[in-house]
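The values are calculated or read from the model by the stated rules, or taken from the named source; none is laboratory data. Bear in mind that the values here come from a model prediction, so they are computed numbers and not experimental data. All Cβ positions, even for glycine, are placed from backbone atoms using ideal geometry, and neighbour counts span all protein chains on display. Side chains are part of the model used for accessible areas, which takes the heavy atoms of the whole protein and leaves out ligands, DNA and RNA. Shrake-Rupley method; radii C 1.70, N 1.55, O 1.52, S 1.80 Å.
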Amino acid sequence: MKLIKILFPLIVLVNTAIFAQSKSATSYVDYVNPLVGSDSEFALSNGNTYPAIATPWGMNFWTPQTGKMGDGWGYTYDALKLRGFKQTHQPSPWINDYAAFSLFPETGKLKINEDDRASWYSHKSEISKPHYYSAYLADYDVTTEITPTERGAQFRFTFPESKKSHILVDGFFKGSMVKIIPEERKIIGYCRNNSGGVPENFHNYFVLVFDKDFDEVLTWKKEKEGKEQISFTKEAEGYHVGAAISFSTKDGEQVTAKVASSFISLEQAEINLKREIGEDTFNQTKEKAATAWNKELGRMEVDGGTVEQYRTFYTALYRVLLFPRKFYELNAADEIVHYSPYNGKVLPGYMFTDNGFWDTFRAVFPFFTIMYPDYLSNVMQGLVNTYNESGWLPEWASPGHRDCMIGSNSAINITDAYLRGIRGFDIETLYEAVVKNSTSKGPVNSVGRFGAEFYNDLGYVPYDVGVNENAARTLEYAYADWSIAELGEALGKPKKEVKLFRQRSLNYKNVFDPEIGFMRGKNKDGSWATTYTPDKWGDAFTEGAAWHWTWCVFHDPLGLADDFGGVDKMRSRLDDVFTTAPTFNDSYYGQQIHEITEMLVADMGQYAHGNQPIQHAIYLYNWLEQPWKTQMHTRNVMDKLYSSAPDGLCGDEDNGQTSAWYVFSAAGFYPVTPGTGEYALGSPLFKSVKMHLRNGKTFTVNAPENTKENIYIDAVQKNGGSYNKNYITFDDIMDGTTYDFSMKNVPNKSRGTAKEAKPYSMSVNKK
């Protein structure tokens, strides 16, 4: 007995040490599947993503290429052949790519044309991780491996025995240049391809350095019409050019290419290559990339789930940490500089791009506010620079202003960041910018406010004045106005100005029809639009119908409930979303758009989780005295609509937003109203979630009784004391609070029903 008593604590200590070591050594990248969402096409999106081989928020991504040059669907899971491995900056197939060029290995007869050179490959011999990609090209018996840095990558090609082994560098169309420098084993060049949003002098300069001498070299040129013209020269420039290097290889011989690029100059591309790769081997670069990902992914530590749930969670977290991408570089003096996609100048300071705030204001930026305040501070500095360089805030940037989506949601991101204590940027300039945004349309319809003159005069954007998606614009402008009012008050702006924006934030009431219990379009004379049906997609709304947009009163759910005629009536209509047949009216579009199809196949009534406007609505039951329904629906969506498979998303992933919904929801809460510092409770997916914060503290959610059946919250304790509210606060998170959830398989219908349990609502929490 004495021996057992002595040994037992030793065994516990040893096991604890082993457990701690295994947790600290966790390779989170092994849980991630970058192929998630790639089983998509124009007609049906299961994510509309591609495998981004990158570092977190890297300036450049790399991806295998199955689609034709210029095709927004650059990699689709069901494609049979690969035609290149390209540097990409694409945030969405609908926005498309820019600054792309590719590498491709071959053996035997040299093939230039992308259709001719395409090789069969199989997912059975494909490895895809955030920090590493490998594919076997069956037609050439060559394996290609890629590992990234922020502005570059290393390629490793494993060739068979061949007297004719080749590597192609394709500069793509719309203007490119290549120059081969054999004595330095180097290829330099630029590409200019883009899909809009660039100045006239836009270039992406690239440098490639190989570790093997070239036996032969050639370039090719292709005009807009006609075939590729091969020339045994070392340099080519034109509409579409490329280069090829050739050599003999032994069986299993590996040839490495180090590559980096710059939007500033060839000299800067060289600096980027030397700084980020230098003399590193392929495996050293791979290890650095894995370390970078494991560091960021490991900031959220989940436990007590299935392996598939871990895979789904960390795959979602990977996608949250890709955009907005860094669009700045470090010059020879280690100064942060950027090429401006707005005025074409090289200027000091940060710049970020490839983001649609219409999507990401909802959960991605609130996630950064909690987990990445330093990064978000830099992003805010980038917004200051964007405003100074273009005169406007970006709403959809890729790389400059793009005409896509609606709203002036940059105000929401700025307000939430500043009110949560993030500093290090010129908030006075950003306040000036959000006020300017509220007065008129910018250089494209998505920048500033399209229809602002009507909105500011009438209190809504009318249906019949030639401004599309008018009711949706009214709702988004109203929430942005609430954000401006909150920010203005915090900055001590004149009370009259703050009051104006707070009054305008009630404009949502002007497009709500209490007789039918839906939002709808309203004419300039105050009459309701007559073409309305609750299931009519588009028209007065954006990529949705009244079923989805009626809930977009983020800042005042209880004010909306009053307009419904009470909490019971609003809750009943919200219930209808999940039980009403998924009918639709697509007359505005003239076809069944993919977002409609994604709602239909989900079999969840009128609920359309695959698009962003309704993603928060599940959480509104926390205001409507039945929080258990939030718990039921969130768990159902997580289980049914998400996985780590190539079809593991349920609509457009959109810069991490749909993934951020999952990350937050799996942790047990969600930012319905960015700007308040409150997060509505849901149903935590894991037995334990730890958020390791930048301030050194750890916020913890424990739910030890959590199972597939135990989805309902029976009771909550905060640091050991009883807690009855339906939300947690930013301050609690930052303080490293521990929340303990008691979970059961039946709902506790009395918990969270009191008035004081409800989260913020402007009509109740008046200043």
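In the stretch 188-238, which residues are of a type in the set (A, V, I, L, M) and outside any strand (DSSP E or B)?
Once the filter is applied, which keeps residues that are of a type in the set (A, V, I, L, M) and outside any strand (DSSP E or B), the stretch 188-238 yields only V198.
For K81, only one of the following conditions fails: (1) under 24 Å from S262 (Cβ atoms); (2) among the charged types (D, E, K, R); (3) surrounded by fewer than 24 Cβ atoms within 10 Å (Cβ to Cβ). What is its number?
(1)
Yes/no per residue for (1) touching a helix residue (DSSP H, G or I) at 6+ places or on another chain (Cβ under 7 Å); (2) crowded, with 22+ Cβ neighbours inside 10 Å; (3) closer than 18 Å to S248 by Cβ:
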site: S102; (1), (2), (3): no, yes, no
site: E114; (1), (2), (3): no, no, no
site: A118; (1), (2), (3): no, no, no
site: S122; (1), (2), (3): no, no, no
site: T144; (1), (2), (3): no, yes, no
site: P148; (1), (2), (3): yes, yes, no
site: S162; (1), (2), (3): no, no, yes
site: H166; (1), (2), (3): no, yes, yes
site: M177; (1), (2), (3): no, no, no
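Of all residues in the stretch 694-718, how many are at negative phi, assigned to a loop (DSSP other than H, G, I, E, B) and not acidic (D, E)?
Qualifying residue count for the region: 10.
Can you tell me how many residues within the stretch 201-230 are without any contact (Cβ under 8 Å) to a residue 12 or more places away in the chain and in contact with a strand residue (DSSP E or B) (Cβ under 9 Å, 6 or more places away or on another chain)?
Qualifying residue count for the region: 1.
Restricted to the stretch 687-724, and to residues that are basic (K, R) and touching a residue at least 40 places away in the same chain (Cβ under 8 Å), which residue is farthest from M743 (Cα to Cα)?
Out of the qualifying residues, it is R694.
Answer yes or no: is there a residue in the stretch 485-494 that is crowded, with 24+ Cβ neighbours inside 10 Å and touching a residue at least 40 places away in the same chain (Cβ under 8 Å).
yes
All but one of (1) open to solvent by 50 Å² or more (accessible area, probe 1.4 Å); (2) within 30 Å of M371 (Cα to Cα); (3) touching a residue at least 40 places away in the same chain (Cβ under 8 Å); (4) not small (G, A, S) hold for V337; which doesn't?
(1)
Scan the stretch 740-767 for residues that are out of contact with any Asp or Glu (no Cβ under 9 Å at 6 or more places or on another chain), crowded, with 16+ Cβ neighbours inside 10 Å and part of a helix (DSSP H, G or I) and jot them down.
none
Go through the residues of the stretch 320-335 one by one and say whether even a single one is in a helix (DSSP H, G or I) and under 16 Å from the mean Cα position of the chain (by Cα).
Yes - at least one qualifying residue is present in the stretch 320-335.
Does Y607 satisfy the condition of being open to solvent by 40 Å² or more (accessible area, probe 1.4 Å), in a loop (DSSP other than H, G, I, E, B), touching a Phe, Trp or Tyr at 6+ places or on another chain (Cβ under 8 Å) and touching a residue at least 12 places away in the same chain (Cβ under 8 Å)?
Working: open to solvent by 40 Å² or more (accessible area, probe 1.4 Å): no; in a loop (DSSP other than H, G, I, E, B): yes; touching a Phe, Trp or Tyr at 6+ places or on another chain (Cβ under 8 Å): yes; touching a residue at least 12 places away in the same chain (Cβ under 8 Å): yes.
So Y607 fails the test.
Among the helices (runs of 4 or more DSSP H) lying completely within the stretch 451-543, list those that include at least 2 residues that are of a type in the set (K, R).
By residue number, 495-504.
Just give me the residues in the stretch 568-604 being of a type in the set (A, V, I, L, M, F, W, C) and either crowded, with 19+ Cβ neighbours inside 10 Å or within 22 Å of Y463 (Cβ to Cβ) (or both), in sequence order.
Listed by number, the residues that qualify are M570, L574, V577, F584, I593, I596, M599, M604.
Considering the stretch 497-537 alone, what residues qualify as being β-branched (V, I, T), more than 16 Å from R573 (Cβ to Cβ) and touching a helix residue (DSSP H, G or I) at 6+ places or on another chain (Cβ under 8 Å)? It would help to see each step written out before you state the result.
Filtering the stretch 497-537 down to residues β-branched (V, I, T) leaves 498, 511, 516, 530-531, 533.
Going one step further and asking which of them are more than 16 Å from R573 (Cβ to Cβ), we end up with 498, 530-531.
If the condition is that a residue be β-branched (V, I, T), more than 16 Å from R573 (Cβ to Cβ) and touching a helix residue (DSSP H, G or I) at 6+ places or on another chain (Cβ under 8 Å), then V498 is the only one that fits.
Being part of a loop (DSSP other than H, G, I, E, B), open to solvent by less than 20 Å² (accessible area, probe 1.4 Å) and not aromatic (F, W, Y) is the filter here, so list the residues in the stretch 621-649 that pass it.
L624, S644, G648, L649
Exactly one of these conditions fails for H548: (1) open to solvent by 30 Å² or more (accessible area, probe 1.4 Å); (2) closer than 22 Å to Q606 by Cβ; (3) not hydrophobic (A, V, I, L, M, F, W, C). Give me its number.
Here H548 clears every test but (1).
Look at S438 and say whether it is in contact with a Leu (Cβ under 8 Å, 6 or more places away or on another chain) and either farther than 26 Å from V198 by Cβ or buried (at least 22 other Cβ atoms within 10 Å of the Cβ) (or both).
So S438 does not fit the description; no.
Going through the stretch 687-734 one residue at a time, which ones are touching a Phe, Trp or Tyr at 6+ places or on another chain (Cβ under 6 Å), hydrophobic (A, V, I, L, M, F, W, C) and either open to solvent by 20 Å² or more (accessible area, probe 1.4 Å) or within 16 Å of F368 (Cα to Cα) (or both)?
Within the stretch 687-734, M691, I733 qualify.
Would you tally the residues in the stretch 675-684 being over 17 Å from K629 (Cβ atoms) and either open to solvent by 10 Å² or more (accessible area, probe 1.4 Å) or touching a Phe, Trp or Tyr at 6+ places or on another chain (Cβ under 6 Å) (or both)?
4
Quick one: count up the residues across the stretch 514-545 that are closer than 19 Å to V467 by Cβ and more than 32 Å from the chain's Cα centre (by Cα).
Selection size over the stretch 514-545: 11.
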